[in-house]
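One structure is given here, and the rest of the page talks about it.
The values are calculated or read from the model by the stated rules, or taken from the named source; none is laboratory data. Note that this is a predicted model, so its numbers are computed, not measured. With ideal geometry, Cβ positions are generated from the backbone for all residues, glycine too; neighbour counts draw on all protein chains shown. The accessibility values were calculated without ligands, DNA or RNA, using every heavy atom of the protein model including side chains. Shrake-Rupley method; radii C 1.70, N 1.55, O 1.52, S 1.80 Å.
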Amino acid sequence: MLVRIWSNRNCHSFLREKIHERCKNICPPKDTFDRTLLHTHDKSRTDLEQVPKIFMKPDFALDDSLTFNSVLPWSHFNTAGGKGNRDAASSKLLQEKLSHYLDIVEVNIAHQISLRSEAFFHAMTSQHELQDYLKKTSQAVKMLRDKIAQIDKVMCEGSLHILRLGLTRNNCVKVYNKLKLMATVHQTQPTVQVLLSTSEFVGALDLIATTQEVLQQELQGIHSFRHLGSQLCELEKLIDKMMIAEFSTYSHSDLNRPLEDDCQVLEEERLVSLVFGLLKQRKLNFLEIYGEEMIITAKNIIKQCVINKVLQIEEIDTDVVVKLADQMRMLNFPQWFDLLKDIFSKFTVFLQRVKATFSIIHSVVLSVLDKNQRTRELEEISQQKNTAKDNSLDTEVAYLTHEGMFISDAFSEGELAPLAVDTTSQRNASPNSEPCSSDSVSEPECTTDSSSSKEHTSSSATPGGVDIIVSEDMRLTDLELGKLANNIQELLYSASDMCHDRAVKFLMSRAKDGFLEKLNSTEFITLSRLMETFIVDTEKICGRRSMSLLGALQSQANKFVNRFHEERKTKLSLLLDNERWKQADVPAEFQDLVDSISDGKIALPEKKSGATEERKPAEVLIVEGQQYAVVGTVLLLIRIILEYCQCVDNIPSVTTDMLTRLSDLLKYFNSRSCQLVLGAGALQVVGLKTITTKNLALSSRCLQLIVHYIPVIRAHFEARLLPKQYSMLRHFDHITKDYHDHIAEISAKLVAIMDSLFDKLLSKYEVKAPVPSACFRNICKQMAKMHEAIFDLLPEEQTQMLFLRINASYKLHLKKQLSHLNVINDGGPQNGLVTADVAFYTGNLQALKGLKDLDLNMAEIWEQKR
């Protein structure tokens, strides 16, 4: 049919072309035609001018009332007034007029068409050629389509069908996995409830976080889960409250369990789980809960210890004495000391438990911090690898199939599907849920970067051996974790400070009635050692020394030192006021005391039962081979000095105070003995008739004994002082100088006694017979008495030096008297008498024990000849 229509159209075109050729032959020549055309054109323009301009307007429309009235006036159609015949004629005339206008226009249109007939017929000729081209093209297209159909059937249809089946299978797998994922998500809330029932807060939070992420990324827009996200948020808030309440319960159970329990950490796995959950939710104030519980526990420890101790004492009637503090004050020192020891023991165990718990928490925090750092390093390495991989990949061309899918995408999905099975099955594995797939089907959509990253964990172990598995979804920064670790350490310090503060309050409550001030040295030293041991133990546990108990100990030590010093100073004062300055026997225990000092042990020796009673007292004290004749006060003073030194060993914190007090004591002994002996105060205090040379020599020897031990005492204190405190040792230098000055004054006093005697006797000396004279006999007698008084008290060297000074005084007075008598060394009778007296004096003096080799040089008594 199409061919027939096409042939008919060709026939008509051919006929029209023939007619056009015939017309061209009939038409006049071109010049004649041009002149005729110009004439016709002028005529047409004239005819068109007859047509009114209103018909030529572009917006001519009869629906316009003005245009309609202008073209068809109503006056031509009005039949009223008997003018019907004339109006009918007028209407007919109007119709003819309009018909004339129409003829003019049609003629002009026909004229215009005739002018363009050549172009019309040329177009018809071109259309014929175009139809031939279209026919050839249609045949070529038909052949191409046949070939393509054959190629598609042979080469492409099977492959594309395989690709469509692969895409369909992948889509089915996605739908299947999506449904399984929805089923797993649907089990989230029941599973969370099961986990919470077993206090698995971390697992519940991880499950909620994973479900939230799946809802936002993989199940977004699913109508059945539109309320699940808000429900999980509320459930997460509930878990936060449950964890805080659970941690508070754990803290109470951990700190209030019996202190005799050997277990250091209570339910370590439970603690690790709680801390992880709190860190995961950024609830970093859980340490404050533990700190508040520590305060309550510390108070209860002291209270319970006091109650237990009071119940053991039958003498305390709890019905009469109601207050626990008053009951505690009724304990004597041994009972109260045992109570304090029990409290310190309980506090030590308490701090060990707190430290063990904090060690677990600290290890968890450090594990999270370490995991954060390693995660950042892995991310940086992965980013570098991805950058290098992206630079090395070539650009692939993806071809679009008829279903709108890229072939390269289809192939890549098929390759990636097996790789996604493991991560998908791991993430979907949860209580009360089945594995994601049993036939190794893929789940590309369900495996997101964030969800799969949660499965990357690191593990470590707590000090108790519990494994710590840290997930990567911790939202804490390194700064927060570091601050939390510091807070843990500070809270441990606070626990130590709190125990010390409670111990101080316990001590102060007992010290209200002056109980601690009444303790003797042994009791206070025992108490001090117990407190120092507790301070050292807590420092070892917590790593820092708490100062409150140390300050209380120092305060009590200062009071003890003041009382200790005042008691011994008062004792020394009483001894000096009753001292008659006579040589005392030395009991064996004091000799043992001195011997222990010589062996380098500055301490009071233990009393030996039986052996000491059999030994008789000695006349002198032997110190490093030298004999010291001493009074009883000095023996007791040495013992007092050793008590000061031993107190420093027992209470090192009072070293500086003891040094000051000991210096004061030594100065007091020096000044007071000077007042009593040199100042003759003993005449009024003790009732001595006179201060003899023996008293003076004995006082000097006692001072020398103290001076002998000052370097030993100085070395003892120097070994216990800090380098910055060495300046305090100058007190011993000042004391040594004062003692030496005092000894020199005593020697000068002995010389002065003989000097006054020489002045008195030699002023009456006359050179006459008999020989020896009475004056020289008296002088020799007094010298013998002096020697007898001091020789057994002072060493031989000191005796010789003293008599040399006395002899010099004697020579000075004799020389003066001889000058007064005008006796010169001229060999006369008077010179002979004086020489005989001097020889008698010299012989008697050198006959005294220890003075045989004394160089008297008596030639100095004579005036030198001018």
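Under 5 Å from the amide H of V623 lie the amide H atoms of Y628, each residue being 5 or more positions distant or on a separate chain, with H modelled from the backbone and absent for Pro and chain starts.
Surface composition of region 655-718: carbon plus sulfur atoms hold 53% of the accessible area, using a 1.4 angstrom probe and ignoring ligands, DNA and RNA. Pairwise Cα distances in region 597-734 exceed 27 Å in 31 percent of cases.
Spin-label model, L378 to E567: label points 7 Å out along the Cα-to-beta-carbon direction sit 7.1 nm apart.
Excluding same-chain neighbours fewer than eight residues apart, the lysines reachable from K237 by a Cα-Cα span under 29 Å are K178, K180, K280, K283, K371, K454, K483. Separation of the alpha carbons by more than 23 angstrom is noted, of K694/K849; K323/K505; K512/K569; K512/K540, for K512/K569; K512/K540. Measuring r between the beta carbons of I162 and L479 and using R0 = 45 Å, the FRET efficiency lands at 0.20. Evaluated at q = 0.19, 0.28 Å⁻¹, the base-10 log of the normalised Debye intensity for region 562-605, with identical point scatterers placed on the Cα atoms, takes the values -0.85, -0.89.
With θ taken as phi - 60° and the Karplus curve 6.51 cos²θ - 1.76 cosθ + 1.60 applied, the whole-hertz 3J(HN,Hα) list for region 685-702 is 6, 9, x, 5, 6, 7, 9, 8, 4, 5, 4, 5, 5, 5, 4, 5, 5, 5 Hz, x standing for glycine and proline. Shown here: region 781-826, whose C-alpha atoms stretch 41, 19, 15 Å along the first, second and third principal axes, sorted largest to smallest. What the Cα atoms of region 741-796 give is an Rg and a Dmax of 13.8, 45 Å. Residues of region 488-517 with an amide N closer than 18 Å to a point placed 7 Å from the Cα of K559 along the Cα-to-Cβ direction: 501-517. For S345 and H734, the FRET efficiency from 1/(1 + (r/R0)^6), where r spans their Cβ atoms and R0 equals 41 Å, is about 0.30. Summarised in one figure, the compactness ratio Rg/Rh of region 745-866, Cα atoms and Kirkwood Rh, is 0.97. Counting only Cα atoms, the size of region 799-866 along its three principal axes is 35, 19, 17 Å, in decreasing order.
Distance distribution note for region 648-716: the fraction of Cα pairs above 16 angstrom is 58%. A Förster distance of 60 Å, applied to the separation of the beta-carbon atoms of Q489 and Q675, puts the FRET efficiency at 0.50. Using a cut-off of 26 Å between Cα atoms, the listed pairs K689/K737; K582/K760; K355/K518; K582/K781 include K689/K737; K582/K760; K355/K518 as exceeding that distance. The radius of gyration of the Cα set in region 118-222, together with its Dmax, comes out at 32.2, 103 angstrom.
The simple spin-label model puts a point 7 Å past each Cα toward its Cβ; for N300 and S653 those points are separated by 3.0 nm.
Subtracting the Cα-Cα distance of Q112 and E314 from their residue separation scaled by 0.36 nm leaves 58.0 nm.
For region 710-723, putting each phi into the Karplus relation 6.51 cos²θ - 1.76 cosθ + 1.60 with θ = phi - 60° gives couplings of 4, x, 5, 5, 4, 4, 4, 6, 4, 5, 10, 9, 6, x Hz, in residue order, rounded to whole numbers and with x for Gly and Pro. Entry for region 185-236 at q = 0.27 Å⁻¹: log10 I(q)/I(0) = -1.05, Debye formula applied to identical alpha-carbon scatterers, no solvent contribution.
Diffusion coefficient of region 686-815 by Stokes-Einstein, Kirkwood radius over Cα pairs, 25 °C, 0.890 mPa s: 141 µm²/s. For region 171-178, backbone phi angles converted through the Karplus equation (6.51, -1.76, 1.60; θ = phi - 60°) give residue-by-residue couplings of 5, 5, 5, 4, 5, 4, 5, 5 Hz, Gly and Pro being listed as x.
A crude spin-label estimate for the pair V194 and D64, with each label 7 Å from Cα along the Cβ direction, gives 8.8 nm.
Our Cα-only numbers for region 827-866 put the radius of gyration and Dmax at 12.1, 39 Å. Length gained on full extension, A88 to C233: 42.6 nm, using 0.36 nm per residue less the C-alpha separation. Shape annotation for region 483-630: C-alpha extents along the principal axes are 74, 34, 27 Å, from largest to smallest.
Note on region 213-318: the alpha carbon radius of gyration divided by the globular reference 2.2 N^0.38 Å gives 1.72. In a fully extended conformation the segment linking N256 and Q220 would gain 8.0 nm over its present Cα-Cα distance, using 0.36 nm per residue.
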